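Below you'll find the structure, written out as structure tokens, and then a few comments.
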Amino acid sequence: MDLFIDPTQPRAITRSLYDQIRAAIASGRISAGEQMPPSRQLAQELGVARQTIATVYGRLTAEGHVIGRGAAGTFVAPTADAHRPARADRTRSSALAPRPGLPETADPEFQPTGLDLRSGTPDLALFPHVAWRRAVLAAAHQPPSGYGAYAGLPELRRTLARLASRTRGVVADPDQIVVTAGAQSAIDLTIRLLTVPGDTVAVEEPGYLPVRRLIESLDRRVALVPVDADGMQPEHVPARARLIYTTPSHQSPTGATLTIARRRALLSYADRHHQAIIEDDYDSEYRHTDRPLEPLHLLDTTGRVVYVATFSKTLAPSLRLGYAVFPVELARHAAALRAASDVQPPELLQRAIHHLITTGDLDRHLRRSRKIYAKRHQLVADWVARMSTAGHLTPCATDHAGLHLTVRLHNITEEELAARLEPHGIRLGSYRDTWAKTPDHDGAVIGFGNADSSDLEAALSRVEHALASPPPRPRVRP
């Protein structure tokens, strides 16, 4: 309990202390039944006479706010909670307001009673708990190193450089890597590094909503580039854009893979117009049926691509660890800009990830999870094929990767489908929310990461029934 005394008002000390303690009890900062500091101790801490504290406690006791229990001390009265105003009445209104254009709230959390089939969430039951425990314990054996390196621990950056080269063909020096708090942090850092307020950033339409919101929150303009079954269409990127954001390996949300021809066309276009590219490779670890195409970073010959990767899909989103590979000339500037915000991710987390990779535990986890996700992907893909044959939907693209598939709906709106599934505790990902403009068709995003095969089959059966059910008959007024 912090109490404050105005030394310029010595005669008002008793009244001030009484008011502060009473307000703390009324607001709930001091709970019912909590012991008050002994009068001698509190007097010494505040530098006042003990009689002053005794007078304050005496008045609070007389009014029923506290009770004395002899040698045991003074306690907040058990009935204090009952006399407190409602929480809304106890919160102080503010004259402050956020600047215009920001979202009012983040997306609400959804806790379905059945299955959450939205995209973006891996199966946390597959998380390598034993290996992670070993990694954290190994990391905890080393003492912290102060503020450390702004770009991330040197040993982790060396390990990430080898990992990116071995798994994705991204050739990078460790000094090009900046460790971040997930992919979103890396994207935020890149936007602030390469653009200024008022600049235009080109994004996919439909695309990843959190990035579009991020761009707008940074006072950059958003340019929408259409996507088809072959990914982003480079010819529609505006020349005025300073930066292009794309998900070429597994377009979010359609699942399209940017073709080699379009990858080269995009790089050529960016080179002609002096544009930078963010390549968000958010779930390329999970290719289920075909070989991955070369990343833009590997095809880039002029140093225009910033490659972004994350551990959110391979391990867990809440770990908040990712990294960006910058052109060598930009890496130190990125680290300096990073130092001006959150400095670096927690060192313990970085050391744990480093241990997980170097011991081979991450590779073992990926081999196991790939097999499981491949079976789930095939299950959903077969179901989509059956529903397509039945005329209920059409896949948005030939999708061979990731943890979700996206479809266009026929004869039912996204809202109608959601309403039919809600009583069963099933929620699909929103297709409409991935569009900045209102689409001319409805769709659904079917995530299969966070569901085992038996539950997934049951949920898809419910979705099939909802798609096949006739629309409700309109009510006729008598």
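I'm checking my understanding of the structure. Among residues of the stretch 264-288 that are among the charged types (D, E, K, R) and within 26 Å of ASP433 (Cα to Cα), which one is farthest from the chain's Cα centre (by Cα)? Per the criteria, the residue is ARG287. Residues considered: ALA335, ALA352. Of these, the only one that is of a type in the set (A, V, I, L, M, F, W, C) and either part of a loop (DSSP other than H, G, I, E, B) or surrounded by 22 or more Cβ atoms within 10 Å (Cβ to Cβ) (or both) is ALA352.
Considering (1) in contact with an Asp or Glu (Cβ under 8 Å, 6 or more places away or on another chain); (2) assigned to a strand (DSSP E or B), the lone condition that ALA131 does not fulfil carries the number (2). Exactly one residue out of ALA352, ALA340 is aliphatic (A, V, I, L, M) and at pLDDT 95 or above, and it is ALA352. Could we say that THR406 is in contact (Cβ under 8 Å) with a residue 12 or more places away in the chain, assigned to a loop (DSSP other than H, G, I, E, B) and hydroxyl-bearing (Ser, Thr, Tyr) here? Spelling it out, it is not the case that THR406 is in contact (Cβ under 8 Å) with a residue 12 or more places away in the chain, assigned to a loop (DSSP other than H, G, I, E, B) and hydroxyl-bearing (Ser, Thr, Tyr). Any chance the stretch 376-386 includes a residue that's within 25 Å of GLY231 (Cβ to Cβ), acidic (Asp, Glu) and assigned to a helix (DSSP H, G or I)? Looking through the stretch 376-386, at least one residue is within 25 Å of GLY231 (Cβ to Cβ), acidic (Asp, Glu) and assigned to a helix (DSSP H, G or I).
Of the residues examined, LEU428 is not one that is assigned to a helix (DSSP H, G or I), among the aliphatic types (A, V, I, L, M) and in contact with a Leu (Cβ under 9 Å, 6 or more places away or on another chain). Of all residues in the stretch 258-293, those satisfying the criterion of being surrounded by fewer than 17 Cβ atoms within 10 Å (Cβ to Cβ) and among the polar types (S, T, N, Q) are THR259, SER268, THR289. Residues that are surrounded by fewer than 21 Cβ atoms within 10 Å (Cβ to Cβ) and in contact with a helix residue (DSSP H, G or I) (Cβ under 9 Å, 6 or more places away or on another chain) within the stretch 224-243 comprise LEU224, PRO226, ASP230, GLN233, GLU235, ALA239, ARG242, listed in sequence order. Among residues belonging to the stretch 243-283 that are of a type in the set (Ser, Thr, Tyr) and part of a loop (DSSP other than H, G, I, E, B), point out the one that is modelled with the lowest pLDDT. Of everything passing the filter in the stretch 243-283, TYR282 is modelled with the lowest pLDDT.
Consider LEU417 carefully, then state whether it is modelled with pLDDT of 95 or more and either within 25 Å of HIS250 (Cα to Cα) or in a helix (DSSP H, G or I) (or both). Against the criterion (modelled with pLDDT of 95 or more and either within 25 Å of HIS250 (Cα to Cα) or in a helix (DSSP H, G or I) (or both)), LEU417 qualifies. None of ALA309, ALA223 is in contact with a Lys or Arg (Cβ under 9 Å, 6 or more places away or on another chain), under 30 Å from ALA352 (Cβ atoms), of a type in the set (A, V, I, L, M) and part of a strand (DSSP E or B) except ALA309. A single entry from GLY58, GLY64 fulfils the requirement of being surrounded by fewer than 17 Cβ atoms within 10 Å (Cβ to Cβ), over 49 Å from the mean Cα position of the chain (by Cα) and under 19 Å from VAL76 (Cβ atoms): GLY58. Checking the stated criteria, THR398 turns out not to satisfy the condition of being surrounded by fewer than 18 Cβ atoms within 10 Å (Cβ to Cβ) and part of a strand (DSSP E or B). I'd like to know if the stretch 463-471 contains one or more residues that are in contact with a Leu (Cβ under 9 Å, 6 or more places away or on another chain), charged (D, E, K, R) and modelled with pLDDT of 90 or more. Within the stretch 463-471 (the criterion being in contact with a Leu (Cβ under 9 Å, 6 or more places away or on another chain), charged (D, E, K, R) and modelled with pLDDT of 90 or more), the answer is no, since none of the residues qualifies. Checking each residue of the stretch 444-452 against the condition of being assigned to a strand (DSSP E or B), of a type in the set (Gly, Ala, Ser), modelled with pLDDT of 90 or more and surrounded by 19 or more Cβ atoms within 10 Å (Cβ to Cβ) gives at least one match. For the stretch 48-75, filtered to residues that are outside any helix (DSSP H, G or I) and among the charged types (D, E, K, R), the residue that is farthest from ARG11 (Cα to Cα) is ARG69. Quick check on ALA125: is it surrounded by 18 or more Cβ atoms within 10 Å (Cβ to Cβ) and in a helix (DSSP H, G or I)? It is false that ALA125 is surrounded by 18 or more Cβ atoms within 10 Å (Cβ to Cβ) and in a helix (DSSP H, G or I).
The values are calculated or read from the model by the stated rules, or taken from the named source; none is laboratory data. As the structure is a computational prediction, the values presented were derived from the model and not from experiment. Reconstructed Cβ throughout: ideal geometry from the backbone, glycine too, with neighbour counts over all protein chains shown.
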